[in-house]
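Participant: Attaching a single structure in structure tokens format; questions to follow.
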Amino acid sequence: MGEVVSYKELGLVNSREIFSKAVAGGYAIPAYNFNNLEQLQAIVTACAETSSPVIIQVSKGARNYANETMLRFMAAGAVQMAREMGSNIPIVLHLDHGDSFELCKSCIDSGFSSVMIDGSHLPYDENIALTRQVVEYAHAHDVTVEGELGVLAGIEDEVEAEHSTYTQPEEVEDFVQKTGVDSLAISIGTSHGAFKFKLKEGEEVPPLRFDILEEIEKRIPGFPIVLHGASSVVPEYVALINQYGGKMDGAVGVPEDQLRKAAASAVCKINIDSDGRLAVTAKVREYLAHNAGEFDPRKYLGEARNELVKLIKHKNETVLGSAGKA
Ligand code: G3H
Ligand code: 13P
Ligand code: ZN
């Protein structure tokens, strides 16, 4: 356990104000996952250059990978880097898919400004009790909390769900009121990873369940809604990966027009991890295939970082609508 530090000392902000502006303005704040230096540099560069508020988020696995002390300094470095680029964008450091009170507390104590407690796999009452416990500790430190109702298909960090269970709109009001959460992740047909839908020959991606989203919006008007599993699984990256020795046949994601529609509604946070992973893998594979003798990581990771900057700018500008909103 490292030193106890408040996110305020690191120059970070919680999600409260950026969410209320996003809900009112009909756009969504991007939440990009990161694990390493190049990903974070790309996120800061792209968001500073597009003047977009941003949530930099880490999973439990990412925190173990990067080291909790290193992460704290990386987040402080992200704020400083943006300022030195002449940009004052709000930056939130968020725990993605927290699975226990202890993990959320540890993140809050080490400089996170926002945490997710994912009790979506628990029985309803247990989800409420766990989420409430996290909210009490977090709010005492002016940290915001994301809860989840409904289960996404696929793997949620270590929480596995065979099939998705859509969020039940009749539960949301009670959940929000009893837990005191600041935002709510919902299940309306997305899933994590690069294989979101199993499509047969000629079949199209099924539309998200906007009817459920509307029902939810009616019951908790203006309340910040979060969409997980929102990568588009950019086909150009999948093609490059397959071209240069990878094997990702059948990878498919959420079409951009669906995400734009969600961003214009009560959805004010959109989580993107897989698209960044695909961009990095595609560019590293391509670079190494063309430069067999190269062994300087700056060369191939530099290519990957440049591509990530392009991808993130594109998302902010044309998918989420967060560009220019900082
Ligand atoms: O939703 C999960 C995120 O994509 C993080 O994945 O647990 O492999 O870091 P991870
Ligand atoms: P993707 O796998 O679609 O990028 O979803 C990421 C996510 O929801 C992180 O919490
Ligand atoms: Zn997620």
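Participant: Mind checking which pairs have a first residue in segment 51-78 that is of a type in the set (S, T, N, Q) and a second that is within 16 Å of ligand 1 (Cβ to nearest atom) and open to solvent by less than 30 Å² (accessible area, probe 1.4 Å), Cβ under 6 Å, 6 or more apart or different chains?
Facilitator: Sorted first by the residue in segment 51-78, then by its partner, the pairs are Q57/A31; Q57/N33; Q57/H94; Q57/D96; S59/D96; S59/H97.
Participant: Right, another one. Please work out which one of (1) part of a helix (DSSP H, G or I); (2) hydrophobic (A, V, I, L, M, F, W, C); (3) open to solvent by 10 Å² or more (accessible area, probe 1.4 Å); (4) farther than 25 Å from A304 by Cα is the condition A22 fails and give its number.
Facilitator: (3)
Participant: So, K60, is that one closer than 25 Å to I225 by Cα and over 17 Å from the mean Cα position of the chain (by Cα) or not? Walk me through it before giving the result.
Facilitator: Working: closer than 25 Å to I225 by Cα: yes; over 17 Å from the mean Cα position of the chain (by Cα): no.
Criteria not met by K60.
Participant: Let me confirm something: among G222, G250, G245, which residue is within 16 Å of ligand 2 (Cβ to nearest atom) and in contact (Cβ under 8 Å) with a residue 12 or more places away in the chain?
Facilitator: Step by step, each of G222, G250, G245 is checked, and only G250 is within 16 Å of ligand 2 (Cβ to nearest atom) and in contact (Cβ under 8 Å) with a residue 12 or more places away in the chain.
Participant: Among the numbered conditions (1) under 18 Å from L301 (Cα atoms); (2) touching a strand residue (DSSP E or B) at 6+ places or on another chain (Cβ under 9 Å); (3) open to solvent by 20 Å² or more (accessible area, probe 1.4 Å), tell me where V280 comes up short.
Facilitator: In the conditions (1) under 18 Å from L301 (Cα atoms); (2) touching a strand residue (DSSP E or B) at 6+ places or on another chain (Cβ under 9 Å); (3) open to solvent by 20 Å² or more (accessible area, probe 1.4 Å), V280 misses (2) alone.
The values are calculated or read from the model by the stated rules, or taken from the named source; none is laboratory data. Treat the numbers as computed from the prediction; the structure is a model and nothing was measured. Counting neighbours? That spans all protein chains shown, and the Cβs are built from the backbone with ideal geometry, glycine included. Side chains included, ligands, DNA and RNA excluded: accessible areas come from the protein's heavy atoms. Shrake-Rupley method; radii C 1.70, N 1.55, O 1.52, S 1.80 Å.
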